[in-house]
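J.: Sharing a structure here in C-alpha cells format.
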Amino acid sequence: MMEHSLNSVIKIRIFTALISLFLSTFAYYSDDIINRDGILYMDMAAAFLQGGLTETAKLYDWPFFSIIVAYLHKLTTLPLQISAGVLNSLLFILLTDTLILISNKTLPNSRQLAFAALFILCFQMLNEYREFIIRDIGYWAFCSLALYRFMVFLESPSLKNASIWQLVAIVAVLFRIEGVVLLLGLPLYLFATQHPKIALKQGLQLSYLLLICAVIASVLTIGQSGLTHAFSKISSVSYYIDTSNFVTSLSNKTDILADQILNKYSERYSALILVSGLITMLFYKLINALSIGYVGLYLFSWWQNKNYSSFPYQRLLAYFTALNLVILLAFLFKEYFISTRYSVMALLGLLLLILPAICRGIEYAWLSKNRIYITVVSVILLVGLVDGLTQSNSKSYIKNTAISASQDLPGYSKVLTDDKFIDYYFRTHKSTSEISQEENLNNYQNYNYMIVVEKRRNVALKDSLKSMAIEPVHAQENKRGDRATIYRIIP
C-alpha cells in the first residue's frame with residue numbers, strides 16, 4: 001500500500017527544486033569556460049536574432065534550443081550565455097522534479113522518496129552537465145516528463161492526458177530528433193499490457209495529435225525553404241529506418257578487421273568480434289557511468305531482499321530503458337563510438353529501476369540504526385556530488401587571455417587564432433579588432449597579432465612557433481603548465 005503524504009511529497013519536490021537550482025547556479029559560475037557545443041548554440045542564437053531560421057540553418061540543422069535562448073534573451077535582455085544558463089537551470093529543475101514524480105509512483109512511502117531525491121540530486125552523470133550549455137538537458141527533461149505523463153495516462157486514459165503526453169513528447173523531439181523513438185515506441189507498450197482492442201483505441205488517442213501536427217507541418221513547410229533547411233536533420237531518421245545502411249557499414253568494418261588485424265584462422269569471426277566488442281563497450285560505459293557505488297548498493301539491497309524485487313511500473317521502466325538502449329545501439333553502429341552524454345536517458349532509466357531496491361535497503365538501515373551502512377551511503381552520495389561538480393584543470397587562462405586581447409590590443413588590429421574558445425570570447429567582448437580562426441597558422445604574416453593556446457605536451461606547436469617572426473605580448477597559464485599567449489607578429 002502506498003503511504004505518501006501529499007504534504008511530504010510537496011516538501012520533497014520543493015527541496016529538490018531548490019537544491020537543483022543551487023547546484024546549477026554553483027556549477028555555472030564556477031565553470032571556467034564554455035563547452036564546445038555551447039559555442040555553436042550561442043552562435044546559432046545570435047544568428048537567429050540577426051537573420052532568423054535562414055541564418056541558423058547555415059550553422060546547424062536543429063535550432064529549437066537556440067531559438068528559445070534567443071527569445072529568452074529578448075525577453076530578459078540578459079546576455080545570450082546567461083540566458084542559456086538560466087534556461088538550463090530551469091530545465092534541470094523540471095528534470096529532477098519529474099524524476100521525483102516518477103519515483104513517487106514506484107516507491108511505497110515518503111521516507112523512501114526522500115532517499116530517492118538525495119540519489120537523484122547526487123547522481124554524478126547529471127551534475128557533470130550542469131555547467132554545460134547543451135540542448136540535451138531539455139531532451140532529458142521532456143523525455144522524463146513524457147514517461148511520467150504516460151504513467152498518468154495508464155491510470156486515467158482520457159483524451160486530455162493523451163493530448164498532454166503528445167505535446168510533451170513532441171517538445172522532446174524538438175530538442176533532439178532521437179525523441180521520435182519514444183514518441184512512436186512508448187505507445188506500443190499498451191499492446192503488451194492491454195487487450196488488443198483497448199490497446200488500439202488508446203494508441204489512437206496517443207497518436208491523433210501527432211498526425212494532425214504532421215499534416216500541419218507538411219503544409220507549413222511547402223514553400224518555406226528556411227524552415228525546411230533549419231530542421232533538415234529530420235531527414236536523418238531515414239538513415240536509421242533503412243537497415244541496409246547498417247549492414248553495409250558493418251560489412252566494411254568487419255572486412256577491415258579481418259584483412260588488417262585478425263589472422264586467417266579467426267578472420268571469419270570478425271563480425272562477431274566487432275559486434276560483441278561494441279556492445280561490451282556500451283554496457284561497460286553504462287555501468288561505469290551509473291557508478292560503482294550505486295550498483296554496489298543495488299546489488300547488496302537486492303541480495304538482502306530477494307523476495308521483494310517487484311514494484312509498480314517496473315515493466316514500463318524496463319521497456320523505457322530498452323527503448324533508450326535501442327537509440328544508443330543505433331547510434332553506436334552508425335558512428336562506432338559512444339559518448340556518455342548520449343546515454344544519459346538510458347542511465348536515468350536504469351537509475352529509476354534500481355532506486356526502489358536501494359531506497360528499501362536504506363530505509364531498513366535507517367530504522368535499524370545501522371550506522372555503518374548509513375555512513376557508506378553518505379560517502380557514496382558525497383563522492384558522486386563532489387565528482388560531478390568539480391573540475392580537474394582550470395581553463396580560465398584561455399578566457400582571460402581572449403578578453404584581455406579584445407580590450408587591450410590596438411584598435412582595428414587583425415588577429416589570428418587556431419582556438420575555438422579564444423575566437424568565441426574575443427568576439428563576444430566587443431572590440432574594434434577583427435579575429436579569424438584558422439586550423440593552421442601558416443598565413444600568420446597576414447595578421448597583426450596571433451593568440452595561441454599552448455598545451456604542455458604539444459611539442460609540435462612549440463617547435464612551429466620558434467620558427468615564426470613573433471614576440472610575446474601577454475600570457476597566462478594554469479598550474480598544469482598550459483598557457484595562452486598573445487603574440488605580436490613582426491613584419
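J.: Let me check something: with ligands and nucleic acids excluded, how do Ser110, Ser467 order by accessible area (1.4 Å probe), largest to smallest?
T.: Heavy-atom accessible area, descending, gives Ser467, Ser110.
J.: Hey, another quick one. When all protein chains stay in place, what accessible area (Å², nearest 10, 1.4 Å probe) is found for Phe150?
T.: In the full protein context, Phe150 sits at about 0 Å².
J.: Please figure out what share of the DSSP beta bridges in the chain is antiparallel and state it in percent, rounded to the nearest 5.
T.: Around 60 percent antiparallel, to the nearest 5.
J.: Please state, to two decimals, what the Cα-based radius of gyration of the chain comes to when divided by 2.2 N^0.38 Å (N = residues).
T.: Scaled against compact globular proteins, the figure is 1.11.
J.: Give me the net charge of Ala162's neighbourhood, meaning all other residues with Cβ under 15 Å from the Cβ of Ala162; Lys, Arg count +1, Asp, Glu -1.
T.: Neighbour charge sum, excluding Ala162 itself: +2.
J.: Quick one: check the C-alpha center-to-center distance for the range 394-414 versus the range 69-84, whole angstrom.
T.: If you average the Cα positions of each part, the centres end up 24 Å apart.
J.: Mind checking the alpha-carbon convex hull of the range 400-480 and giving the volume per residue in Å³?
T.: Here the figure is 94 Å³ per residue.
J.: As a check on your grasp of the helix formula, calculate [θ] at 222 nm for the chain: sum -39500 (n - 2.57) over DSSP H runs of n ≥ 4, divide by the residue count, round to the nearest 500.
T.: -21500 deg cm²/dmol
J.: Using the heavy atoms of the protein chains alone and a 1.4 angstrom probe, what is the accessible area of the chain per residue in square angstrom?
T.: Using a 1.4 Å probe on heavy atoms only, each residue of the chain averages 50 Å².
J.: Once R0 is set to 41 Å, what does the formula 1/(1 + (r/R0)^6) return for the Cβ-Cβ distance between Leu200 and Ser5, expressed as a FRET efficiency to the nearest 0.05?
T.: 0.60
J.: Once you sort the root eigenvalues of the Cα gyration tensor of the range 271-407 as a ≥ b ≥ c, which label holds: rounded (a/c under 1.5), prolate (a/b larger than b/c) or oblate (the other case)?
T.: Oblate, because a/c is 1.5 or more while a/b does not exceed b/c.
J.: Determine the order of Phe337, Phe132, Phe92 by accessible area, beginning with the largest, at a probe radius of 1.4 Å.
T.: Phe337, Phe132, Phe92
J.: Next question. Based on the Cα gyration tensor of the range 43-132, what are the three equivalent ellipsoid semi-axes, each the root of five times an eigenvalue, rounded to whole Å and given largest first?
T.: Value: 35, 12, 11 Å, ordered largest first.
J.: Please report the accessible area of Phe283 (heavy atoms, 1.4 Å probe, ligands and nucleic acids excluded) in Å², nearest 10.
T.: That residue has around 100 Å² of solvent-accessible surface.
J.: Now for a different question. So how exposed is Thr432, as accessible area in Å² (1.4 Å probe, rounded to 10)?
T.: Number for this one is 80 Å².
J.: Hey, how many Å between the Cα centroid of the range 1-63 and the Cα centroid of the range 133-168?
T.: 18
J.: Filter the GluC sites (Glu not before Pro) in the range 404-490 to those in DSSP coil with at most 12 other Cβ atoms within 10 Å of their Cβ, and list the result.
T.: Glu439
J.: Among the listed pairs Lys430/Lys462; Lys430/Lys455; Lys160/Lys201; Lys399/Lys420; Lys253/Lys285; Lys105/Lys285, give every one whose C-alpha distance is greater than 19 Å.
T.: Over 19 Å Cα-Cα: Lys430/Lys462; Lys430/Lys455; Lys253/Lys285; Lys105/Lys285.
J.: Would you mind telling me the share, in percent, of accessible area of the range 253-377 contributed by carbon and sulfur at probe 1.4 angstrom?
T.: 62
The values are calculated or read from the model by the stated rules, or taken from the named source; none is laboratory data. Keep in mind that what you see is a predicted model, and the values were worked out from it rather than measured. Cβ sites come from the backbone with ideal geometry, for glycine too, and all protein chains shown count toward neighbours. Only protein heavy atoms, including side chains, enter the accessible area calculation; ligands, DNA and RNA are left aside. Shrake-Rupley method; radii C 1.70, N 1.55, O 1.52, S 1.80 Å.
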